[in-house]
1. Cα gyration tensor of the range 260-311, axes a ≥ b ≥ c as square roots of the eigenvalues: rounded (a/c below 1.5), prolate (a/b > b/c) or oblate?
2. What do you get for Rg/Rh over the chain if you use C-alpha atoms and the Kirkwood form of Rh?
3. Taking 0.36 nm per residue of separation and subtracting the Cα-Cα distance, what length does fully extending Asn255 through Ser185 add?
4. Run the quick spin-label model on Asp330 and Arg35: label points 7 Å from Cα toward the beta carbon, then report their separation in nm to one decimal.
5. Most mobile of Leu319, Leu32, Leu151 per a Gaussian network model of the chain (Cα springs, under 10 Å)?
6. Classify the range 83-241: rounded, prolate or oblate, from the alpha-carbon gyration tensor (a ≥ b ≥ c, eigenvalue square roots; a/c under 1.5 rounded; otherwise prolate if a/b is larger than b/c)?
7. Which value in Å does the Kirkwood hydrodynamic radius of the range 140-231 take, with 1/r averaged over all unlike C-alpha pairs and then inverted?
8. Provide Ser107, Ser89, Ser185 ordered by accessible surface of protein heavy atoms (probe 1.4 Å), highest first.
Amino acid sequence: MPVGTQATVKALSPGDLLAAGVQVILANTYHLSLRPGHERIARLGGLHRFMGWDGPILTDSGGFQVFSLAHLGKVDDDGVTFASHLDGSPQRLTPERAIEIQEALGSDIAMAFDQLVDATLPAAEVAIAMQRTHRWAERCIRAHTRVDQALFGIVQGWVDAELRQESAALIAALPFDGIAIGGLSVGESKAQMAGTLDVVADALADDPRVRYLMGVGAPPDFFTAVERGIDLFDCVLPTRVARNGQLWTSHGRLNLRNARFLDDPDPPDGSCDCGTCRTHSRAYLAHLFRAEELLAYRLSSLHNVTYTQDLMRRIRVALDDGSYGTLRADVMAQYGVSGTRLDKPPVTGR
């Protein structure tokens, strides 16, 4: 799911997203509640009409901003008090308020309000935050009233196996429509992420609900997660690295700021059918970045989002036709990841 924090995936129009094969996009409760305001969006017909996107939208609850903007706020058992990063005005976010905002926005999938913590905290403080997340999850369920909006719970517990088992069991016992795994991609190693996903997968067993890994978007990580039963992903990475001149391709990463691309007439990726690759050369994109032309952001972002969507499609096909191991080895080699063997049989039963 490409991330459209401010009701827009940076540099791309809804038409671009459709052309790239995007099915679902993500927007952010915290940011939209502050600007332009969820009440205004509701008056203007809801988030879909406001941004001109007819497909499904998932809204994050604001829990990540509680973590990333921790210097602006204070957490207590009832919620979070913080200063707006825009103007310093006092704000309050609680589980009930997070649900109220998401219902006003009219997203198709709402997220329970959770507390993500710094990886450097002692285990006891991680446990306190996890238990608070569980209490907030129950309050979100009680506050949620829209029958046309799915609600997902979030498993927390950092990389502590016992905490993750406890969290997965409690969240799975609640009547959520889907289950998210939060608190990863915030400083842990790749091995720790894989181990944590193993723990959560075992704890959820054959629970049929959709599983969503929050904040993961690099191509090699998709395979690690899919093999552990993950269905949905979101991340700013595809568009963020694109704006820095990095393209993800069937040849691996290309850094268009490298001088060697200034005279390269080839398309960014000859295996890609996106508008960028059909029409433009590596030399042209390299020129746009050096000239600081805004078109560079759109063309590179369009390609990276298309590549990401196509890779997920190829993974689904490969799971069906038995070629998953070959696809995994190819992509890992393209991205310079050692150990290209399949480290875990993919979960295909759900």
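The values are calculated or read from the model by the stated rules, or taken from the named source; none is laboratory data. Not measured: the values here are computed from a predicted model. Cβ atoms come from the backbone with ideal geometry, glycine included; neighbour counts cover every protein chain shown. The accessibility values were calculated without ligands, DNA or RNA, using every heavy atom of the protein model including side chains. Shrake-Rupley method; radii C 1.70, N 1.55, O 1.52, S 1.80 Å.
1. Since a/c reaches 1.5 but b/c is at least a/b, the shape of the range 260-311 is classed as oblate.
2. Radius of gyration relative to Kirkwood radius: 0.97.
3. Extra length from Asn255 to Ser185 when fully extended: 22.9 nm.
4. The modelled label-to-label distance comes out at 4.4 nm.
5. Most flexible of the set in this elastic network: Leu319.
6. Cα axes put the range 83-241 in the rounded bin.
7. Answer for the range 140-231: a Kirkwood hydrodynamic radius of 13.5 Å.
8. Ranked list, largest accessible area first: Ser185, Ser89, Ser107.
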